[in-house]
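The values are calculated or read from the model by the stated rules, or taken from the named source; none is laboratory data. As the structure is a computational prediction, the values presented were derived from the model and not from experiment. Virtual Cβ from ideal backbone geometry, glycine too; neighbours counted across all protein chains shown.
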Amino acid sequence: MPLGRRSAIGVTTLGLLVLAWFMATGANGLISPGRFPTPADTWTAGLQAMVRGYGDATLVVHVLQSLKLVALGFVVSVAVGVPLGLLMGTSATAEAVLNPVFMLLRPIPPLAWIPLAILWFGLGDTAKIMVIFFAAFVPSVINTQAGVRTIERPLIEAARMLGTPHGRFIREVVVPGAAPMIFTGLRLSLQASWTTLVAAELVGALAGLGHLLNLAQQDLYPGMILVGMICVAIFGALTTALLGLVERRTLTWVRIKGDTA
Amino acid sequence: MSSIRFDAVSKSFGAGQVKALDDVDLAIADKEFLAIVGPSGCGKTTCLRLAAGFEFPTSGRVLVGNAEVREPGPDRAVVFQQFALFPWKTVVENIELGLRNRNMPREERRIRVMEAVELIGLNGYEGAYPHQLSGGMQQRVAIARAYVLDPQVLLMDEPFGALDAQTRVVMQEELVRLARRNPRTVLFITHGVEEAVYLADRVAIMTRRPGRLKEIVDVKSIREAEGWERYSRIEDVMDLESFVHLRTHIWRSLREEKTGAAH
């Protein structure tokens, strides 16, 4: 489907959704404004959060706080996860050593780390980054490792035959060979970063979108709840789109391969 | 001096259940072009992989230039059937990797790579990615990647098997031209009898699994006696009575193999 038509359909769908929202929460609507806010309520709440602030900070401050922690948590997770995945993918010994630890850690829901994180680091940023890390480094490791396994054996043999030293072999053969899967891992890591961050902020935070959501719930303020949710949706989508852009810029050769194959 | 020698080589896979090679003795002289033909699954590719150092014999020894093969290396360049080019590297980047690994200075490297690109006739495609090229062009890049190393030994595993008939003929003629200009010790694996007779100095015929050497046919003496070199086109050579005779001989030998194993 052409891109123009696709985005036209997308915009229409969103428009219809907003229309349905208007009608459902309107004067003779089906949903009472106490349960779900009207668009006008949400707009007012949004304006209030932006101009006067809500929960000791303006909306911009809450958004920036969450964005900062997602970015930090994501970067730490990826910086640990991808090299670990490369190591486990290329070395059978490393895999044998690390896999049992992994098997033990994986069933623990990331949110179960929150109590420990708060105990260690309090309500500040470090605790959130720790919780994000435990959620987000796993998909990076697993997908990177799987990506290394997808590299065709003749390519590895060709690199060895050409006398490629180990460091260059990792940089110029293993990483690009695993790159499409590494990016899949990064996308999942980013998703996990948002999910766990908001959850961690809900439980205990001094600022951030999760904190705003938590306060709005305590204040029985549906409009503000929706403002928080919409912000998470928008900035989650934006960061995902940004990652997609980086992927397309980095993996030019994959697009070429896809076009001609 | 870089001969290849298989000394009583046997190779089994998977805890000895599958015997791929059984007691193979074979010597390929320095700068000799030897082709191995045989039914599929006879272990001919295993021979090449042993010489390349991708696999190791279960018993016996494989020697290249009097040293036992212990690992793959650029002294034994391999041309793979499925080309094995790095899809994320351009034509030039693929060809020059082996030279970079040798720490050749940039300027010298550039000259060598450009010579290689010229040789395989891919001028104008230096910056192309493998998937933008046809199969024949990709295999030319793979051959250039091997040639640029100036290897003593060239190991080719059905290099033209994945090409269409016309491209294959062009590549075969090119390979003969290259081999005449710059002779190397070549181990060439193929199931094409005509290809083997056209290209090789000697043709080794292998039996069905477990692969043994059945017969080695000397092509070179006949080629020289009958003056095949006078013809540059493959179809003219293939028309010669001496060529037909050799081809038929090898065909029969292989056919005995195929029917012989059927009962």
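Can you tell me how many residues in the range A:96-152 are part of a loop (DSSP other than H, G, I, E, B) and in contact (Cβ under 8 Å) with a residue 40 or more places away in the chain? It would help to see each step written out before you state the result.
In the first step, residues of the range A:96-152 are kept if they are part of a loop (DSSP other than H, G, I, E, B); the result is A:106-109, A:122-124, A:150-152.
Then drop every residue that is not in contact (Cβ under 8 Å) with a residue 40 or more places away in the chain, which leaves A:123-124.
Counting residues in the range A:96-152 that are part of a loop (DSSP other than H, G, I, E, B) and in contact (Cβ under 8 Å) with a residue 40 or more places away in the chain gives 2.
Which of the residues spanning the range B:200-217 are in a loop (DSSP other than H, G, I, E, B) and among the aliphatic types (A, V, I, L, M)?
B:200 - this is the single residue of the range B:200-217 that is in a loop (DSSP other than H, G, I, E, B) and among the aliphatic types (A, V, I, L, M).
Out of the residues in the range B:64-73 that are away from chain A (no Cβ under 14 Å) and either within 16 Å of residue B:151 (Cβ to Cβ) or free of Cβ contacts under 8 Å to residues at least 12 places away in the same chain (or both), which is surrounded by the most Cβ atoms within 10 Å (Cβ to Cβ)?
B:65
If a residue has to be within 26 Å of residue B:161 (Cβ to Cβ) and either surrounded by 23 or more Cβ atoms within 10 Å (Cβ to Cβ) or free of Cβ contacts under 8 Å to residues at least 24 places away in the same chain (or both) to count, how many in the range B:103-117 make the cut?
As a first pass, look at the range B:103-117 and keep what is within 26 Å of residue B:161 (Cβ to Cβ): B:116-117.
The next check asks that each one be either surrounded by 23 or more Cβ atoms within 10 Å (Cβ to Cβ) or free of Cβ contacts under 8 Å to residues at least 24 places away in the same chain (or both); those that pass are B:116.
Counting residues in the range B:103-117 that are within 26 Å of residue B:161 (Cβ to Cβ) and either surrounded by 23 or more Cβ atoms within 10 Å (Cβ to Cβ) or free of Cβ contacts under 8 Å to residues at least 24 places away in the same chain (or both) gives 1.
Is it the case, given these coordinates, that residue A:168 is out of contact with any helix residue (DSSP H, G or I) (no Cβ under 8 Å at 6 or more places or on another chain) and within 14 Å of chain B (Cβ to nearest Cβ)?
No: the conditions fail for residue A:168.
Checking the structure you have, find out if any residue of the range B:218-240 is free of Cβ contacts under 8 Å to residues at least 24 places away in the same chain, surrounded by fewer than 19 Cβ atoms within 10 Å (Cβ to Cβ) and assigned to a strand (DSSP E or B).
Yes.
With respect to the numbered conditions (1) within 14 Å of chain A (Cβ to nearest Cβ); (2) assigned to a loop (DSSP other than H, G, I, E, B); (3) over 30 Å from residue B:63 (Cα atoms), which one is the sole condition not fulfilled by residue B:123?
The number of the failed condition is (1).
Assess whether residue B:259 counts as being at pLDDT 90 or above, assigned to a helix (DSSP H, G or I) and surrounded by fewer than 15 Cβ atoms within 10 Å (Cβ to Cβ).
Taking the combined requirement at face value, the residue does not satisfy it.
Of the conditions (1) farther than 21 Å from residue B:192 by Cβ; (2) in the same structural domain as residue B:208 (by TED's automatic domain parsing); (3) part of a helix (DSSP H, G or I), residue B:48 satisfies every one except a single condition; which number is it?
(1)
Tell me which residues, restricted to the range B:200-214, are surrounded by fewer than 24 Cβ atoms within 10 Å (Cβ to Cβ), farther than 12 Å from residue B:253 by Cβ and modelled with pLDDT under 90.
B:208, B:209, B:210, B:212
Of the numbered conditions (1) modelled with pLDDT of 85 or more; (2) over 14 Å from residue B:82 (Cβ atoms); (3) more than 13 Å from chain A (Cβ to nearest Cβ); (4) out of contact with any Gly (no Cβ under 8 Å at 6 or more places or on another chain), residue B:146 fails exactly one; give the number of that condition.
Only one criterion is unmet by residue B:146, namely (3).
Run residue A:163 past the list (1) farther than 30 Å from residue A:91 by Cα; (2) not in a helix (DSSP H, G or I) and report the number of the one that doesn't hold.
(1)
For the list (1) on the phi > 0 side of the Ramachandran plot; (2) of a type outside the set (S, T, N, Q); (3) in contact with a helix residue (DSSP H, G or I) (Cβ under 6 Å, 6 or more places away or on another chain), I need the number of the one condition that residue B:234 fails.
(1)
Could we say that residue B:140 is of a type in the set (Lys, Arg), free of Cβ contacts under 8 Å to residues at least 60 places away in the same chain and not in a loop (DSSP other than H, G, I, E, B) here?
Working: of a type in the set (Lys, Arg): yes; free of Cβ contacts under 8 Å to residues at least 60 places away in the same chain: yes; not in a loop (DSSP other than H, G, I, E, B): yes.
So residue B:140 passes the test.
Determine which single condition residue B:183 fails, assuming it passes every other condition in (1) assigned to a helix (DSSP H, G or I); (2) away from every other protein chain (no Cβ under 14 Å); (3) under 23 Å from residue B:2 (Cβ atoms).
(1)
Do we find a residue being farther than 30 Å from residue B:29 by Cβ, more than 9 Å from chain A (Cβ to nearest Cβ) and modelled with pLDDT under 90 anywhere in the range B:82-99?
Looking through the range B:82-99, none of the residues is farther than 30 Å from residue B:29 by Cβ, more than 9 Å from chain A (Cβ to nearest Cβ) and modelled with pLDDT under 90.
Quickly run through the range B:145-157 and pick out the residues that are surrounded by fewer than 24 Cβ atoms within 10 Å (Cβ to Cβ) and part of a helix (DSSP H, G or I).
Listed by number, the list holds a single entry, B:147.
With surrounded by 15 or more Cβ atoms within 10 Å (Cβ to Cβ), modelled with pLDDT under 95 and acidic (Asp, Glu) as the only criterion, which of B:22, B:30 stands out?
Going through B:22, B:30 in turn, the sole match is B:22.
Does the range B:51-58 contain at least one residue that is crowded, with 20+ Cβ neighbours inside 10 Å, over 19 Å from the mean Cα position of the chain (by Cα) and part of a strand (DSSP E or B)?
So far as the range B:51-58 goes, no, none of its residues is crowded, with 20+ Cβ neighbours inside 10 Å, over 19 Å from the mean Cα position of the chain (by Cα) and part of a strand (DSSP E or B).
Could you figure out which of (1) outside any helix (DSSP H, G or I); (2) without any contact (Cβ under 8 Å) to a residue 60 or more places away in the chain; (3) more than 28 Å from the chain's Cα centre (by Cα) isn't true of residue A:1?
Just one mismatch for residue A:1, condition (3).
Specify which of the listed residues (A:126, A:184, A:144, A:90) is surrounded by fewer than 22 Cβ atoms within 10 Å (Cβ to Cβ) and closer than 30 Å to residue B:53 by Cβ.
Within the list A:126, A:184, A:144, A:90, the selection yields A:90.
Touching a residue at least 24 places away in the same chain (Cβ under 8 Å), closer than 28 Å to residue A:84 by Cβ and among the β-branched types (Val, Ile, Thr): which single residue out of A:252, A:195, A:164 fits that description?
A:195
For the condition touching a Cys at 6+ places or on another chain (Cβ under 9 Å) and more than 30 Å from residue A:251 (Cβ to Cβ), what is the one hit in B:24, B:64, B:37, B:18?
Numbers: B:64 fails: touching a Cys at 6+ places or on another chain (Cβ under 9 Å); B:37 fails: touching a Cys at 6+ places or on another chain (Cβ under 9 Å); B:18 fails: touching a Cys at 6+ places or on another chain (Cβ under 9 Å).
From the options B:24, B:64, B:37, B:18, the qualifying one is B:24.
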